[in-house]
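Before any comments, here is the structure.
The values are calculated or read from the model by the stated rules, or taken from the named source; none is laboratory data. Only a predicted model underlies this, so the values are computations on that prediction, with no experimental measurement involved. All Cβ positions, glycine included, derive from the backbone under ideal geometry; neighbour counts span all protein chains shown. Ligands, DNA and RNA are excluded from the accessible area calculation, which covers all protein heavy atoms including side chains. Shrake-Rupley method; radii C 1.70, N 1.55, O 1.52, S 1.80 Å.
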Amino acid sequence: QVQLVESGGGLVQAGGSLRLSCAASGRTFSGTNMGWFRQAPGKGREFVASITWTGFSKKYADSVKGRFTISRDNAKSMMYLQMNSLIPEDTAIYYCAGGTSEGKVAVSDYRYWGQGTQVTVSS
(Lines give C-alpha, C1' and ligand atoms only; values in the text may rest on other atoms or scores of the structure.)
Protein backbone atom coordinates (compact mmCIF):
# COMPACT_ATOMS: atom_id res chain seq x y z
CA GLN A 1 0.00 0.00 0.00
CA VAL A 2 1.08 3.56 -0.73
CA GLN A 3 -0.49 6.67 0.83
CA LEU A 4 -0.10 9.92 -1.09
CA VAL A 5 -0.34 13.57 0.01
CA GLU A 6 0.00 16.48 -2.39
CA SER A 7 1.16 20.00 -1.55
CA GLY A 8 2.38 23.14 -3.27
CA GLY A 9 -0.75 24.33 -4.99
CA GLY A 10 -1.90 27.92 -4.93
CA LEU A 11 -2.79 31.01 -6.90
CA VAL A 12 -0.36 32.24 -9.54
CA GLN A 13 -0.48 34.70 -12.42
CA ALA A 14 -0.25 33.50 -16.00
CA GLY A 15 3.36 33.00 -16.98
CA GLY A 16 4.33 32.08 -13.44
CA SER A 17 5.58 28.84 -11.93
CA LEU A 18 4.62 26.41 -9.21
CA ARG A 19 6.18 23.24 -7.89
CA LEU A 20 3.86 20.52 -6.66
CA SER A 21 5.07 17.86 -4.27
CA CYS A 22 3.69 14.42 -3.52
CA ALA A 23 4.76 12.76 -0.28
CA ALA A 24 4.39 9.01 -0.22
CA SER A 25 4.31 6.65 2.70
CA GLY A 26 4.47 2.91 2.54
CA ARG A 27 7.19 0.46 1.86
CA THR A 28 6.81 0.14 -1.91
CA PHE A 29 7.13 3.72 -3.22
CA SER A 30 10.59 3.22 -4.68
CA GLY A 31 9.28 0.39 -6.84
CA THR A 32 6.09 2.13 -7.93
CA ASN A 33 5.45 3.92 -11.19
CA MET A 34 3.78 7.27 -10.50
CA GLY A 35 1.87 10.02 -12.23
CA TRP A 36 0.09 13.35 -12.00
CA PHE A 37 -3.46 13.99 -13.11
CA ARG A 38 -5.66 17.06 -12.99
CA GLN A 39 -9.34 17.86 -12.98
CA ALA A 40 -10.68 21.23 -14.05
CA PRO A 41 -14.13 22.45 -12.99
CA GLY A 42 -16.84 20.61 -14.88
CA LYS A 43 -14.38 18.30 -16.63
CA GLY A 44 -13.10 14.78 -16.19
CA ARG A 45 -9.79 13.88 -14.60
CA GLU A 46 -7.01 13.91 -17.18
CA PHE A 47 -3.48 12.64 -17.41
CA VAL A 48 -0.67 15.17 -17.00
CA ALA A 49 2.59 13.25 -16.62
CA SER A 50 4.03 9.94 -15.47
CA ILE A 51 7.38 8.62 -14.34
CA THR A 52 8.69 5.10 -13.92
CA TRP A 53 9.99 3.87 -10.60
CA THR A 54 13.58 4.31 -11.80
CA GLY A 55 12.89 7.87 -12.91
CA PHE A 56 14.38 7.10 -16.30
CA SER A 57 11.20 7.09 -18.37
CA LYS A 58 8.77 10.02 -18.38
CA LYS A 59 5.63 10.77 -20.33
CA TYR A 60 3.70 14.02 -20.72
CA ALA A 61 0.36 15.13 -22.04
CA ASP A 62 0.74 17.23 -25.18
CA SER A 63 -0.87 20.18 -23.40
CA VAL A 64 1.96 20.43 -20.84
CA LYS A 65 4.94 19.16 -22.83
CA GLY A 66 7.84 21.61 -22.66
CA ARG A 67 6.31 23.48 -19.70
CA PHE A 68 5.98 20.84 -16.97
CA THR A 69 8.66 18.50 -15.59
CA ILE A 70 8.00 15.43 -13.49
CA SER A 71 10.65 14.06 -11.16
CA ARG A 72 11.04 11.88 -8.09
CA ASP A 73 13.38 11.27 -5.19
CA ASN A 74 13.03 7.68 -4.03
CA ALA A 75 15.30 8.25 -1.03
CA LYS A 76 12.81 10.82 0.26
CA SER A 77 9.68 9.06 -1.04
CA MET A 78 8.76 12.21 -2.94
CA MET A 79 7.51 13.04 -6.40
CA TYR A 80 7.40 16.52 -7.94
CA LEU A 81 5.79 18.43 -10.75
CA GLN A 82 7.56 21.61 -11.79
CA MET A 83 5.09 23.77 -13.69
CA ASN A 84 6.41 26.70 -15.71
CA SER A 85 4.76 29.15 -18.10
CA LEU A 86 1.42 28.50 -16.50
CA ILE A 87 -1.73 29.47 -18.38
CA PRO A 88 -5.32 29.85 -17.14
CA GLU A 89 -6.19 26.53 -18.77
CA ASP A 90 -3.90 24.82 -16.25
CA THR A 91 -6.33 25.72 -13.47
CA ALA A 92 -7.44 22.48 -11.85
CA ILE A 93 -7.13 20.22 -8.86
CA TYR A 94 -3.90 18.26 -9.31
CA TYR A 95 -3.71 14.67 -8.09
CA CYS A 96 -0.77 12.45 -7.37
CA ALA A 97 -1.29 8.82 -8.37
CA GLY A 98 0.62 5.58 -8.29
CA GLY A 99 0.56 1.84 -8.71
CA THR A 100 0.48 1.35 -12.45
CA SER A 101 2.38 -0.10 -15.37
CA GLU A 102 4.79 2.00 -17.40
CA GLY A 103 3.25 4.51 -19.77
CA LYS A 104 -0.33 4.28 -18.55
CA VAL A 105 -2.51 7.38 -18.91
CA ALA A 106 -5.98 6.26 -17.85
CA VAL A 107 -7.38 7.03 -14.41
CA SER A 108 -8.47 3.42 -14.07
CA ASP A 109 -4.87 2.24 -14.51
CA TYR A 110 -3.74 3.81 -11.24
CA ARG A 111 -4.32 2.15 -7.87
CA TYR A 112 -3.31 4.83 -5.38
CA TRP A 113 -4.52 8.44 -5.23
CA GLY A 114 -3.94 11.51 -3.14
CA GLN A 115 -6.62 14.02 -2.14
CA GLY A 116 -5.46 16.69 -4.58
CA THR A 117 -4.12 20.23 -4.42
CA GLN A 118 -5.74 23.26 -6.08
CA VAL A 119 -3.84 25.22 -8.69
CA THR A 120 -5.40 28.46 -9.93
CA VAL A 121 -3.82 30.49 -12.72
CA SER A 122 -5.14 34.01 -13.15
CA SER A 123 -5.01 35.86 -16.45
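Okay, here's what the table says:
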{"item": "Surface accessible to a 1.4 Å probe, per residue, for the residues of the chain, Å²", "result": "51 Å²"}
{"item": "Packing-based ranking, highest mean first, of 9-15, 22-28, 45-51 given that Cβ atoms within 10 Å are counted", "result": "45-51, 22-28, 9-15"}
{"item": "15 Å beta-carbon shell around Phe56, net charge (K/R +1, D/E -1)", "result": "+1"}
{"item": "Cα-based shape type of region 24-70, given that a ≥ b ≥ c are square roots of the gyration tensor eigenvalues and the cut on a/c is 1.5", "result": "oblate"}
{"item": "Local electrostatic count, Gln1, Cβ distance below 15 Å [Lys/Arg +1, Asp/Glu -1]", "result": "+2"}
{"item": "Cut-off 11 Å between beta-carbons: net charge of the residues surrounding Ser21, Lys and Arg +1, Asp and Glu -1", "result": "+1"}
